[in-house]
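The values are calculated or read from the model by the stated rules, or taken from the named source; none is laboratory data. Note that this is a predicted model, so its numbers are computed, not measured. We place every Cβ from the backbone using ideal geometry, glycine too, and count neighbours over all the protein chains shown. Accessible surface is based on the protein model in full, side chains and every heavy atom, while ligands, DNA and RNA are left aside. Shrake-Rupley method; radii C 1.70, N 1.55, O 1.52, S 1.80 Å.
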Amino acid sequence: MASLARRRATDYTVKAISVGFAALSLVLLAWILWTLVARGLPALGPHVFTKITAPPGAGGGLLNAIVGSLIQIGVALIIGTPIGLMCGTFLAENGRGTQVGNAVRFVNDVLLSAPSILIGLFVYQILVVPFGGFSGWAGAIALAIIIIPVVVRTTEDMLNLVPIGLREAAFALGAPQWKVVTFITWRAGRAGIVTGILLAIARAAGETAPLLFTSLGNNGWSLSLDAPMASLPIAIYQYAASPFEDWVALAWAGALIITVGVLTLNILSRLVLAKMK
Amino acid sequence: MDATLSGRQAGTGLIAARKPTGRVSDPVFVGILWTSGIVVLLLLGLIIAMLFEGGLPAIQEFGLSFIWSTTWNPVTEVFGAGVMVFGTVFSAVIAVIIALPLSFGIAFFLTEIAPGPLRRPIGVAIQLLAAIPSIIYGMWGFFVIVPLMAAYVQPPLIEWLGPLPLIGALFQGPPLGAGMLTAGLIMAIMILPFITAMFVEVLESVPPMIKESAYGVGATTYEVYRNVSVPYGRTAMVGAVMLGLGRALGETMAVTFVIGNATRMSASLFAPGATIASTIANEFPEASTGSLKLQSLLELGFILFVISFIVLALSRLLVRSRLKG
């Protein structure tokens with residue numbers, strides 16, 4: 001066994017390195033945020049929110065991309081939230097300990113971390129090819145598939161926190177399961193369910209890869225879900241890789257908007273959760 | 001008296017009301033719950049089936065050697081996944097190698113060193129790294145990290161380590177900035193929060209009693225961490241690392257920006273390369289419907305799905321088995 005002084009020295013060194021690593025990760029976060037602010041803020045102006053994308057030098061904005069993103073996320077939520085909520089409830093209420101429940105939970109965990117670009121390819125295969133073109137619908141459904149596992153996971157986790165006694169009390173009064181779930185379990189786990197939805201929105205807002213081959217992007221003004229639809233991440237992708245200075249500046253402005261939005265949603269969801277607990 | 005009576009009345013009322021509502025609506029409600037469960041179950045199968053079906057013509061054309069063939073030539077229409085499979089695994093392994101020691105350190109900091117009031121805010125800040133969208137990492141990597149790598153990191157490494165035997169092969173080529181190492185570095189930052197969060201969760205589940213026993217015989221904080229806490233949670237921690245690996249394998253946007261997108265194979269850390277995901281993102285727009293190229297890209301997607309599925313399934317198995325026992 002090494003001498004005490006040496007063991008103390010090792011302990012001290014490892015602690016110092018650990019503190020250094022933790023500091024490093026905070027520095028990285030600050031660095032990324034600072035880059036976004038330093039490059040995005042100067043490019044941010046009213047035109048970003050009032051004008052649609054335009055050729056380089058024509059002074060365009062990102063209005064169509066922002067609206068397109070909001071529409072696709074909205075439709076994705078309308079499709080994905082009920083399925084996710086129901087599936088999460090199934091896992092917490094009916095699927096506990098059953099083989100089907102375990103299989104669903106396993107599949108959901110895989111979907112949660114599965115490469116999002118493959119979701120895009122999948123939707124391309126089932127919607128874009130058969131229906132003859134890229135569309136806002138395809139983009140929204142790709143985002144819905146991204147959203148579902150997030151909602152399932154948080155719903156299940158949160159409903160599991162609801163005391164069994166509450167359910168038993170309701171059942172003992174003779175309430176049918178739908179009443180127990182909707183009036184007791186969901187109500188008790190409300191804050192958690194909201195958290196899941198907020199996190200799902202945050203996740204969907206930044207996803208680029210699943211939209212590449214589904215809604216494709218659109219440089220004009222279009223609100224039709226049947227046509228290719230612009231989105232903020234796709235516009236950023238297109239602009240950031242371009243050789244035009246004003247496009248790159250717009251990409252940074254868009255990046256700042258998305259990041260602020262996503263981080264706000266994340267912090268908000270944590271606050272909701274902290275309140276619940 | 002009054003209260004009990006009304007309570008009893010309410011109770012009988014509920015039971016009376018139960019029959020008409022429950023009999024029809026409950027099977028419907030339970031049916032909806034089961035259906036949504038099955039939908040999610042089928043979704044994964046459907047994704048695999050569609051990718052397999054879409055890529056089938058490519059496998060029929062090139063045979064199973066598609067998986068390891070290193071030719072990717074859109075002009076002569078000869079395609080093989082070898083370079084991308086290599087790039088996917090290589091860059092993801094680099095990411096894990098960089099992220100692992102960081103996660104060990106940060107988890108140690110968060111569970112043992114940080115003063116109580118600081119733990120949560122710092123933990124949350126590190127988790128925010130996971131919330132930043134992939135494309136933002138891509139832009140930051142492309143505009144900030146790539147120039148730094150090209151100017152300050154790669155030239156000295158090439159000069160000092162390049163001439164060495166064996167490991168010298170890793171440090172060859174011009175300092176382009178973009179390449180495997182840069183992609184791995186960016187992905188390391190992205191998977192770091194996932195691995196760290198699971199490490200912390202596992203370490204916090206270590207029974208205080210066994211840690212205290214070690215402290216009792218005079219072990220230092222680090223010795224307890226290394227010899228008690230980490231061995232206790234080993235299985236789940238391996239699972240956490242696999243989760244990080246799985247995430248890195250499928251990472252698309254960040255990699256597309258910084259890997260250099262060259263469909264050539266090279267052992268050098270600095271050589272531009274391609275991953276399956278970055279190739280799909282880059283080449284899809286140039287592939288027309290029904291073309292052999294598109295089918296090859298779909299087959300690439302299928303291969304990526306199979307690789308990620310195996311890694312993620314293994315990760316989950318390891319994490320869950322630990323949490324159960």
> Using +1 on the beta carbon of Lys and Arg, -1 on that of Asp and Glu, and nothing else charged, what's the dipole of segment B:18-177 about the Cα centre, debye to 20?
Replying inline: 900 debye
> With the Cα gyration tensor of segment A:93-232 giving a ≥ b ≥ c as the square roots of its eigenvalues, does the rule (a/c under 1.5 for rounded; else a/b larger than b/c for prolate; else oblate) give rounded, prolate or oblate?
Replying inline: prolate
> If you take the charge dipole of chain A about its Cα centre, with +1 on Lys and Arg Cβ and -1 on Asp and Glu Cβ, which of A:Leu211, A:Ile52, A:Gly95 is farthest toward its positive end?
Replying inline: A:Gly95
>> From the helices alone, meaning DSSP H stretches of at least four residues, give me the mean residue ellipticity at 222 nm for chain B, per-run term -39500 (n - 2.57), in deg cm²/dmol to the nearest 500.
In response: -23000 deg cm²/dmol
> Using the Cα gyration tensor of chain B, with a ≥ b ≥ c the square roots of its eigenvalues, what is the shape: rounded (a/c below 1.5), prolate (a/b larger than b/c) or oblate (neither)?
Replying inline: oblate
> Got a sec? Which residues of segment A:71-97 lose 20 Å² or more of accessible surface with every protein chain in place, vs. that chain alone, 1.4 Å probe?
Replying inline: A:Ile83, A:Met86, A:Cys87, A:Phe90, A:Asn94
> Using the heavy atoms of the protein chains alone and a 1.4 angstrom probe, what is the accessible area of the protein assembly as shown per residue in square angstrom?
Replying inline: 42 Å²
>> For peptide B:249-261, what's the mean number of Cβ atoms from other chains within 10 Å of each residue's Cβ?
In response: 3
>> Given the options B:Phe86, B:Phe108, B:Pro155, identify the residue whose Cα lies farthest towards the positive end of the charge dipole of chain B (+1 on Cβ of Lys, Arg; -1 on Cβ of Asp, Glu).
In response: B:Phe108
>> Sort B:177-185, B:262-270 by packing, meaning the average of other beta carbons within 10 Å per residue, with the highest value first.
In response: B:177-185, B:262-270
> For segment A:158-172, what does the Karplus curve 6.51 cos²θ - 1.76 cosθ + 1.60, with θ = phi - 60°, yield as ³J(HN,Hα) per residue in whole Hz, taken in order and with x for Gly and Pro?
Replying inline: 6, 5, 5, 6, 6, x, 4, x, 4, 5, 4, 4, 5, 4, 4
> Lysine pairs, Cα distance under 25 Å, 8 or more residues apart or cross-chain: how many in the protein assembly as shown?
Replying inline: 5
> What is the mean number of Cβ atoms from other protein chains located within 10 Å of the Cβ atom of each residue in peptide A:257-266, rounded to a whole number?
Replying inline: 3
> How large is the dipole of the protein assembly as shown about the Cα centre if only Lys and Arg carry +1 and Asp and Glu carry -1, each at its Cβ, rounded to the nearest 20 debye?
Replying inline: 1920 debye
> Rounded if a/c is under 1.5, else prolate if a/b beats b/c, else oblate: with a ≥ b ≥ c from the C-alpha gyration tensor eigenvalues square-rooted, which is segment B:166-303?
Replying inline: prolate
> Across the residues of B:39-52, average count of Cβ atoms on other protein chains within 10 Å?
Replying inline: 6
>> For segment A:21-130, which trypsin sites (Lys or Arg not before Pro) pass both filters: DSSP loop (anything but H, G, I, E, B) and at most 13 other C-beta atoms within 10 Å?
In response: A:Arg96
> If you build the Cα gyration tensor of segment A:4-43 and take the root of 5 times each eigenvalue, what three semi-axes come out, in whole angstrom, biggest first?
Replying inline: 38, 5, 4
> Just going by the charge dipole of segment A:46-275, with Lys and Arg at +1 and Asp and Glu at -1 on Cβ, which of A:Ala172, A:Leu225, A:Thr195 is farthest out on the positive end?
Replying inline: A:Ala172
>> Please give the charge dipole size of segment B:67-324, origin at the Cα centre, charges +1 on K and R Cβ atoms and -1 on D and E Cβ atoms. Round to the nearest 20 debye.
In response: 580 debye
>> Please compute the Kirkwood hydrodynamic radius of chain A from all pairs of different C-alpha atoms, in Å with one decimal.
In response: 21.3 Å
> Taking accessible area as the heavy-atom solvent-accessible surface of the protein chains with a 1.4 Å probe, which residues of segment B:282-318 lose no less than 30 Å² upon going from the isolated chain to the full protein assembly?
Replying inline: B:Phe284, B:Thr289, B:Leu298, B:Phe305, B:Phe309, B:Leu312, B:Arg316
> At the nearest 100 Å², what buried accessible area, both sides summed, do you get for A and B when the probe is 1.4 Å?
Replying inline: 7500 Å²
> In the protein assembly as shown, carbon and sulfur make up what percent of the accessible area (probe 1.4 Å)?
Replying inline: 70 percent
>> Using C-alpha positions alone, give me the convex hull volume of the protein assembly as shown per residue in cubic angstrom.
In response: 199 Å³
> Ordered by packing density, taken as the mean number of other Cβ atoms within 10 Å over each peptide's residues, highest first, how do A:139-146, B:46-53, B:107-114 rank?
Replying inline: A:139-146, B:107-114, B:46-53
> In deg cm²/dmol, rounded to 500, what helix-only [θ] at 222 nm does chain A give when every DSSP H run of at least 4 residues adds -39500 (n - 2.57) and the total is split over its residues?
Replying inline: -23500 deg cm²/dmol
